[in-house]
Amino acid sequence: MTRKALAVLLAVAVVIAFTLPTFADETVKGKIEAFDKDAKKITISGTDYSLTDEAAQAEVAVGDEVEATVDGGMVKTIKKV
């Protein structure tokens, strides 16, 4: 019985360890207030973010309403809404 409980606990720990990084992403919706493609910086609804290379190539401009996927203060993807 103890071995079964330990095996189940270990399995749950492994599942949690692999799924936690997916919960780190958040979706941010708002208006672009500042966008510096060269410095890879953007301000969306008053919050400053860094941009990944992919996000820096997006065809967006100041004033656009956007939806961005953010992980740890860095915009991974961005699109107009």
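The values are calculated or read from the model by the stated rules, or taken from the named source; none is laboratory data. For clarity, every value in this text was computed on a predicted model and none was experimentally measured. Don't worry about glycine lacking a Cβ; one is built from the backbone with ideal geometry, like all the others, and counts go over all protein chains shown.
Could you list all residues from segment 1-59 that are farther than 15 Å from Val70 by Cβ and among the hydroxyl-bearing types (Ser, Thr, Tyr)?
Thr2, Thr19
When Gly73 is evaluated against the numbered criteria (1) small (Gly, Ala, Ser); (2) surrounded by 10 or more Cβ atoms within 10 Å (Cβ to Cβ); (3) in contact with a strand residue (DSSP E or B) (Cβ under 8 Å, 6 or more places away or on another chain), which criterion, by number, is the only one it fails?
Result: Gly73 fails condition (2) only.
Can you tell me which residues in segment 8-59 are among the aliphatic types (A, V, I, L, M) and not in a helix (DSSP H, G or I)?
Selection gives Ala24, Val28, Ile32, Ala34, Ala39, Ile42, Ile44, Leu51, Ala58.
Looking at (1) over 12 Å from the mean Cα position of the chain (by Cα); (2) at pLDDT 95 or above, which one does Lys37 not meet, given that it meets all the others?
Checking Lys37 against (1) over 12 Å from the mean Cα position of the chain (by Cα); (2) at pLDDT 95 or above, the one that fails is (2).
This table checks each residue for (1) surrounded by 14 or more Cβ atoms within 10 Å (Cβ to Cβ); (2) among the aromatic types (Phe, Trp, Tyr); (3) modelled with pLDDT of 90 or more; (4) on the phi < 0 side of the Ramachandran plot.
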residue	(1), (2), (3), (4)
Val8	no, no, yes, yes
Leu20	no, no, no, yes
Lys29	no, no, yes, yes
Thr43	yes, no, yes, yes
Ser50	yes, no, yes, yes
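Name the residue that is surrounded by the most Cβ atoms within 10 Å (Cβ to Cβ), counting only residues in segment 55-68 that are modelled with pLDDT of 95 or more and not aliphatic (A, V, I, L, M).
This residue is Asp64.
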